[in-house]
Amino acid sequence: MERLSKFISRCGIASRRKSEEIILSGMVKVNNDIVLEPQYSVDYTKDIVTIDNNVIKQNEKNIYIALYKPVGYISDLKDVRGRKLARELINFEGKLFPVGRLDYNSEGLIIFTNDGELGNMIMHPRYGVEKEYLVKLKGVLNDDDILSIKKGITIEGVPARAINITYVGPAFNNNWYSIILHEGRNRIIRKIGDIIGHRILKIKRVRIGHIMLGNLSSGSYRFLKEREIMPFKVR
């Protein structure tokens, strides 16, 4: 027996957190009965679980892909506005979902997988997985700016702070910084920049945990090796 949300994520439908949202939406049935409790226990050897009346099953093999998302693509698997999807850049027919989303105007590393447990481990704040970004911003951060970001800035009622900020170099009247975060809230770096008065001009994620963007070119991807995945699984 296992929790319904865990089973759905293990089947590669979505991360654990997203699986909980799917359940709460009323789309999930167990043995033809709607279930609204993510903690509901299911026996995958006997119970029939459906989402929108489509039966879901366990994955035979977990897939892990590192993609360089270009600017002008969205991380979501569908978009009502018809924008280009990062998923469409990957030539793989099986189910995959994004881990570590980037907004439309940001670029860099996203992991696509069908392993919901790994997705939860990377993105849930309690695991403390670092995400490193190269950020070009307007002007120069002074000591007070850097101290504020490291101590924590309240955004929409919740504190956000950087683990580390390092000056990288100039770009005409702007400057590049390396910013390392544990969290991955939507547009968090842009919101920090707005609060401290330094407009964010460009964001490129170069690392998630120990997985590096490396020499991937924009729009390209590679399958991750087992040695790159194992450190997440032994946490």
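Tabulated data
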{"quantity": "Residue in segment 1-57 that is surrounded by the fewest Cβ atoms within 10 Å (Cβ to Cβ), counting only those that are free of Cβ contacts under 8 Å to residues at least 12 places away in the same chain and within 19 Å of LYS78 (Cα to Cα)", "calculated": "ASN54"}
{"quantity": "Among the candidates LEU24, LEU4, residue that is farther than 25 Å from LYS191 by Cα, in contact with a Phe, Trp or Tyr (Cβ under 6 Å, 6 or more places away or on another chain) and either among the hydroxyl-bearing types (Ser, Thr, Tyr) or modelled with pLDDT of 90 or more (or both)", "calculated": "LEU4"}
{"quantity": "Matching residues in segment 87-111 - criterion: being within 18 Å of MET212 (Cβ to Cβ) and in contact (Cβ under 8 Å) with a residue 24 or more places away in the chain", "calculated": "VAL99, GLY100, LEU102, SER106, GLU107, GLY108, LEU109, ILE110, ILE111"}
{"quantity": "All strands (runs of 3 or more DSSP E) inside segment 94-154 with 2 or more residues being open to solvent by 20 Å² or more (accessible area, probe 1.4 Å)", "calculated": "131-138"}
{"quantity": "Among (1) part of a loop (DSSP other than H, G, I, E, B); (2) under 30 Å from PHE223 (Cα atoms); (3) touching a helix residue (DSSP H, G or I) at 6+ places or on another chain (Cβ under 7 Å) - the single one LEU36 does not satisfy", "calculated": "(2)"}
{"quantity": "Residues located in segment 172-225, provided they are within 22 Å of PRO125 (Cα to Cα), open to solvent by 30 Å² or more (accessible area, probe 1.4 Å) and assigned to a strand (DSSP E or B)", "calculated": "LYS204, ARG207, MET212"}
{"quantity": "Scope segment 100-140; condition of a type in the set (A, V, I, L, M, F, W, C) and at pLDDT 90 or above; matching residues", "calculated": "LEU102, LEU109, ILE110, ILE111, PHE112, VAL129, LEU134, VAL135, LEU137, VAL140"}
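The values are calculated or read from the model by the stated rules, or taken from the named source; none is laboratory data. All values derive from a computational prediction rather than experimental measurement. Backbone-built Cβ (ideal geometry, glycine too); neighbour counts: all protein chains shown. When the accessible area is computed, the model is the full protein with side chains, heavy atoms only, and any ligands, DNA or RNA have been set aside. Shrake-Rupley method; radii C 1.70, N 1.55, O 1.52, S 1.80 Å.
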